[in-house]
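Student: I have a structure here, written as structure tokens, and I will follow up with some questions on it.
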There are 2 protein chains.
Amino acid sequence: MRQQLFFSPTMREIPQGADIPSHQLMLRAGLVRQTASGIYSYLPLGKKVLRNVEEIIREEMDNAGAQELLMPAIQPTELWEESGRLNNYGPELMRLKDRHERDFVLGPTHEEVITSLVRDNVNSYKKLPMNLYQIQTKYRDERRPRFGVLRSREFMMKDAYSFDTDKEGLDKNYQAMFNAYTNIFSRCCLDFRAVKADAGAIGGKGGTHEFMVLSDVGEDTIAYSGASDYAANVEIADLPDMYEKAEAPKETMEDIHTPNMRTIEELTQGLQINSDRLLKSLLFLVDDKPILVVCRGDHEINEIKVSNAFEAEDVRLAEDKEVFDIMGVETGFIGPVNVPEEVTVVCDFAVKSVVSGVCGANKKDKHYQNVHPERDFSVTSYGDFRLVQEGDPSPDGKGTIQFAKGIEVGHVFKLGTKYSEALGAVYLDENGRSQPMIMGCYGIGVSRTIAAIVEQHHDDNGLIWPKSIAPFDVHVLVLNTKQEEQVNLGESLYESLKKAGYNVLIDDRKERAGVKFKDADLLGLPIRVTCGKRAAEGIVEVKTRRDGNMEEVHVDELDSYLTTLYQQIQ
Amino acid sequence: MRQQLFFSPTMREIPQGADIPSHQLMLRAGLVRQTASGIYSYLPLGKKVLRNVEEIIREEMDNAGAQELLMPAIQPTELWEESGRLNNYGPELMRLKDRHERDFVLGPTHEEVITSLVRDNVNSYKKLPMNLYQIQTKYRDERRPRFGVLRSREFMMKDAYSFDTDKEGLDKNYQAMFNAYTNIFSRCCLDFRAVKADAGAIGGKGGTHEFMVLSDVGEDTIAYSGASDYAANVEIADLPDMYEKAEAPKETMEDIHTPNMRTIEELTQGLQINSDRLLKSLLFLVDDKPILVVCRGDHEINEIKVSNAFEAEDVRLAEDKEVFDIMGVETGFIGPVNVPEEVTVVCDFAVKSVVSGVCGANKKDKHYQNVHPERDFSVTSYGDFRLVQEGDPSPDGKGTIQFAKGIEVGHVFKLGTKYSEALGAVYLDENGRSQPMIMGCYGIGVSRTIAAIVEQHHDDNGLIWPKSIAPFDVHVLVLNTKQEEQVNLGESLYESLKKAGYNVLIDDRKERAGVKFKDADLLGLPIRVTCGKRAAEGIVEVKTRRDGNMEEVHVDELDSYLTTLYQQIQ
């Protein structure tokens, strides 16, 4: 491709509103342009990168035995009513009416369409297992689109859906996708972790992993062990029961006057004690039943763990008014002692370790001190209810937990029969009995994978493309287009390198050398070949973008030099 | 690919509501399934075909120097206001609001987006010419979606837009696209014609051609010469002035009483004369001016030609009330004699040839007879105002016009400056002056190209894929999966043929031979290799789908046999 007429507008300055490196560089290098908030056009350079990532995904999906299809973006609302997701999905779901006033949605995901498609066309165990995928445009009306293609409203996604007759089949498909994703993100040269995650709104109580690219601009926090490959979303990371029961204090429990001490901070200040002696109580409504969850004052209760512990459909923190109605006192003074009969008290494991505790007394302006679990209040059960913290032991027993920020680029879910039951996707088993299909779903955010690659592969001067992703392999620079030797050498290299199988971009623009060098660094193609002052001698300068290494090479040696170099670089 | 687990549900019966072969066969062979009216999912077989067509398009577009990008489907309504098309487009334009109540459209085409993109990023003649294309999903809310993917509401399109500094550049880009389209449709093995067409709503007064695949199910009529490559949309086909002026009759004009004779049929019946002696008059409002257009009774007036002749923005037939108000008589009795002063009379060339004509007398229940143009009424001008008919001479002077039905699969348009002026896409020329870019646009209906291929390549038993499009090259049939020799031979051929570079589908299903043969014909892969009774001897049957030719071949010869055969077939 000739740069003179190539549609790749570059920018020197950091564009307004672009807060993170990938957003800045994708704009500056001319990969994308915003058409509307959260809606982007991919310019030729960006489109090439998109295709490269898509091809890696396609190859690995095909190798894993998945079959590619293509479903429509427009989906009939009825399907979303059948699955029961229409109202749960909220304003992220973009809706429209056709000319006959029929309701449609723009698909943010395709569980409904694929399940109805398979329902209508597969009815025997003989056609299962099956794993179907597409690379297709998705729509999510983000409240606050930002970070360029990292959080946009129209974006490219690879979504796959597996259909099995039994749990073992699902496990196998899940593992195949897990492995395929590992290959895909490895080939994209990403430093990532597959982290255990919560199933969330997409449904399914089975396993789920998120593939997280480690990056400071990530919006998720990963808890991982420095000493093993353990990694989990911080919201889901398990904690073992590692606490010894403390001995009961000699003193009996007594109440203390604590006006204006409602929060952990106010209590530790006011009573001059460490927060790990406080018992923090939160009242949840778990499928409408009041559950008082108690943890140590230096810990945070994790709602997802509460939900999972009770296998609940619906968990929420009680509102202030509800707390007052149930506990008879305002939120700041509730505690596990003398709770009303209908309230169940459960404690995080760490509560066992509290020595001579302090908790709300269920009386206005009062706390208890010298509180001891099981002596002073009954505990229905202990469990893992708190958020993990840095320094906690890793649940696999190896090392301690550290935190990192991550960009979610993929996820794999065991859906089970949620959608097949809702939409009636059944098959006849070997005995002629009708059974719901067992499903898994597997997504990759293609557009945001590109942003993640940029986050991990750039420097102050611009992009540094891994060769598997690079829009071109080699950048030939003709430094001075008025010098015939440089032009001739550049043009002949352009042709010979293309013939040798490289994708080549030649900078044939009538620009100053400084502009060309700057743009070349910004575009970040793996290898730069500069035809400059020594062109007449047949000598070019070869620069590796990643390490900045430069060598003068005679054109006669260039072929073998590049072959070796190209193999070596990332 | 193994057919046992391949998601390619076939049907024996013709599906309800599928009226044309391509719709029937694409459903029956499991290429597509309808998700909603005019909205389709492409199953794996259909997706492979789609990709093959897309790759042919991509290669030819790249070879023609076009650059691929990707624009969003969601477009801000403001852009359509800027271009002035928002209200012209009508209910085919799908609209939606985002969560902030901002208005968007789902793009049926991308002139607005690309023009604003180029406007914002290109400002110098140095970066032109440029031709940008995408292969992307489009939306048109057809009033009556039908014929499967031939007229659907969500479909795949290749659209390209060229930007030039002068008309010669546009001509060059136009010709490059014309040639690329010729290559593309030839490689798709389509029998097509590039026909002259009307620019219509997309705008632009320059040249435009439609690429029409000849097919009885086509919705357009092509006028073409049997003796040359002349072809035009019937709505636009020119007619030369080929008529001699008739001599004036000796009789003077006189009126006749013609109650209940308003139509051509009623007049030819009532007066017992041929329709070529009648003068048919229609009153048009051309940019609000009344124009009476007269043609011969055996001809039809073509509104597009009227519009073009007057270079009008807006042309419409006057309504009955308007006719009465202007002409003072009802529609059935209007004519060119004694018209009110404000009415201009123009005649089709053929009117010159009318001998002793009959026309409406502008009086209730009256016509004139013995009418002679220029003697009895004044003619402002003669022109080409009528629809072409079969048997008319071809405008290139070679042969006569014949009609054929066509499916429009592509079109090329010279847009000129319509969009660049509306949206302000200007560049600075060599003298630093601001000029609007000169644009062309070039579309291919990718989904409907597939339907067109099926229309031209099938027989009663099913699809007959050209090898350039076929989802697989070779279909290996294991006739009896209980016979170990057949299974072993089939499996070894499956592997060796893949190694030899063929895309192979193996029918490894536990089905009867009859089912397998029927499905193989239905799927229509170019070459079928059947492992049947003579498998033990190493003999397979090779069938060419297109001509039905069958040969028994020993596996040792198979490689060279297939190499030759594959080269020979279409």
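Just so you know, all these numbers are worked out from the coordinates, no wet-lab data involved. Since we're looking at a predicted model, the values are computed, not measured. Note that each Cβ is placed from the backbone with ideal geometry, even for glycine, and that neighbours are counted across all protein chains shown.
Student: If you count, for each residue, the other Cβ atoms within 10 Å and average over each peptide, how do A:546-553, A:20-27, B:486-493 line up from highest to lowest?
Tutor: A:20-27, B:486-493, A:546-553
Student: Could I ask something else about it? Between their Cα atoms, which of A:127/A:172; A:516/B:167; A:516/B:172 are more than 20 Å away from each other?
Tutor: A:516/B:167; A:516/B:172
Student: Distance between the C-alpha centers of region A:1-58 and region B:251-290? Whole Å please.
Tutor: Between the Cα centre of region A:1-58 and that of region B:251-290, the gap is 65 Å.
Student: Now, a different point. Quick check: pseudo-label points 7 Å beyond the Cα along Cα→Cβ at residue A:191 and residue B:229, how many nm apart are they?
Tutor: 6.0
Student: Just counting partner chain Cβ atoms within 10 Å, what average do the residues of peptide A:111-121 show around their Cβ?
Tutor: Across A:111-121, the average partner-chain Cβ count within 10 Å equals 3.
Student: Follow-up. Over region A:396-509, calculate the relative contact order: mean separation of alpha carbon pairs under 8 Å at least 6 apart, over the residue count, as a percent.
Tutor: Relative contact order, region A:396-509: 18 percent.
Student: For residue B:503 and residue A:87, FRET efficiency with R0 = 45 Å and r from the beta-carbon atoms, rounded to 0.05?
Tutor: For residue A:87 and residue B:503, the calculated efficiency is 0.50.
Student: What average count of beta carbons from other chains do you get within 10 Å of the Cβ of residues in B:71-84?
Tutor: Mean partner shielding for this stretch: 4.
Student: Turning to a different aspect of this structure: What nm distance separates the two modelled labels at residue B:434 and residue A:37, each placed 7 Å from Cα along Cα→Cβ?
Tutor: Inter-label distance under the simple model: 2.9 nm.
Student: Please tell me which of these pairs span more than 31 angstrom C-alpha to C-alpha: B:47/B:305; B:47/B:510; A:418/B:158?
Tutor: Cα-Cα > 31 Å for B:47/B:305; A:418/B:158; rest within.
Student: Take residue A:534 and residue A:172, extend 7 Å from each Cα along the Cα→Cβ direction, and tell me the distance between the two endpoints in nm.
Tutor: Reported label-point gap for residue A:534 and residue A:172 is 6.0 nm.
Student: Taking loop as defined by DSSP and a crowding limit of 12 other beta carbons within 10 Å, which trypsin sites (Lys or Arg not before Pro) in region A:301-367 fit?
Tutor: A:364
Student: According to the square roots a ≥ b ≥ c of the eigenvalues of the Cα gyration tensor, what is the shape class of region A:366-449, taking rounded for a/c under 1.5, prolate for a/b larger than b/c otherwise, and oblate for the remainder?
Tutor: Because a/c hits 1.5 or more and a/b fails to exceed b/c, region A:366-449 counts as oblate.
Student: Separate question: Taking the Kirkwood radius as the inverse of the mean 1/r across Cα pairs, report the Rg/Rh of the protein assembly as shown.
Tutor: Dividing the radius of gyration by the Kirkwood radius yields 1.06.
Student: Okay, moving on. Relative contact order of chain A: what whole-number percent is it, with Cα pairs under 8 angstrom and at least 6 residues apart?
Tutor: 17
Student: Counting partner chain Cβ atoms within 10 Å of every residue's Cβ in A:124-135, what's the average?
Tutor: 2
Student: Rounded to a whole number of µm²/s, how large is the Stokes-Einstein D of chain B at 20 °C and 1.002 mPa s, given Rh as the Kirkwood radius over C-alpha pairs?
Tutor: 78
Student: Taking only Cα atoms, what is the 0 to 90° angle, nearest 10, from helix A:44-63's long axis to the longest principal axis of chain A?
Tutor: It is inclined by approximately 60 degrees.
Student: Please give the helix B:167-187 orientation as an angle from the longest Cα principal axis of chain B, in degrees from 0 to 90, rounded to the nearest 10.
Tutor: Between the helix axis and the principal axis of chain B, the angle is about 50 degrees.
Student: In whole percent, what relative contact order does region B:472-568 give with Cα contacts below 8 Å and a gap of six or more residues?
Tutor: 28
Student: Okay, helix-only estimate at 222 nm for the protein assembly as shown: each DSSP H run of n ≥ 4 adds -39500 (n - 2.57), divide by all residues, round to 500 deg cm²/dmol; what do you get?
Tutor: Estimated from H runs of four or more residues: -8000 deg cm²/dmol.
Student: Mind giving me the FRET efficiency for residue A:380 and residue A:238? R0 is 25 Å, r the Cβ-Cβ distance, nearest 0.05 is fine.
Tutor: 0.75
Student: Sticking with this one: Can you list the lysines whose alpha carbon sits under 23 Å from that of residue B:366, skipping same-chain ones fewer than 8 residues off?
Tutor: Cross-link targets: B:250, B:280, B:321, B:352.
Student: Using Cα atoms only, what is the angle between the long axis of helix A:555-568 and the major principal axis of chain A, expressed in degrees (0 to 90) to the nearest 10?
Tutor: Compared with the principal axis, the helix lies near 10 degrees.
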